[in-house]
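Novice: Pasting a structure below so you can have a look.
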Amino acid sequence: MKTKARVVTGVKNLHKYFNEIGVDIALTALYRGVKAKTIPHRKISPQVFLFNLDEIDAWLAGEESA
């Protein structure tokens, strides 16, 4: 059985997800992390970023690097 991927688009939506799970991080820090490619993401157009929440959870746990 195929599981639907948990994804969000946009840094602002990623910020909302972090707030929901209790991770206190500034929106500007997320933008810097995306620009520096330290936060796992996919760029699907020049201004649109896709974040797989399973990859984000693993990254937060220190299990995976960007």
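Novice: For the chain, what does the relative contact order come out to in percent, with C-alpha contacts under 8 Å and a separation of six or more? List each step's numbers first, then the result.
Specialist: Details: 67 pairs, mean separation 23.6, N = 66.
36 percent.
Novice: Give me the Å³ per residue figure for the convex hull around the C-alpha atoms of the chain.
Specialist: With only Cα atoms used, the chain gives 95 Å³ per residue.
Novice: Could you tell me the number of lysine pairs in the chain with C-alpha atoms less than 17 Å from each other, where the two lysines are 8 or more residues apart or belong to different chains? It would help to have the intermediate numbers written out before the result.
Specialist: Working: K12/K35; K12/K37; K12/K43; K35/K43.
The number of close lysine pairs in the chain is 4.
Novice: Enumerate the amide H contacts of V7 below 5 Å, restricted to partners 5 or more residues apart or on another chain; note that Pro and chain-start residues carry no placed amide H.
Specialist: Under 5 Å from the amide H of V7: L53.
Novice: For the chain, which GluC sites (Glu not before Pro) are in a loop by DSSP, counting at most 16 other Cβ atoms within 10 Å?
Specialist: Numbers: sites: E20, E55, E63, E64; in loops: E63, E64.
Passing both the DSSP loop test and the Cβ count: E63, E64.
Bear in mind that the values in this text are calculations on the coordinates, not laboratory data. Computed from a prediction, not measured in an experiment: that's the story for all the values here. Cβ: placed from backbone, ideal geometry, glycine included. Neighbour counts: every protein chain shown.
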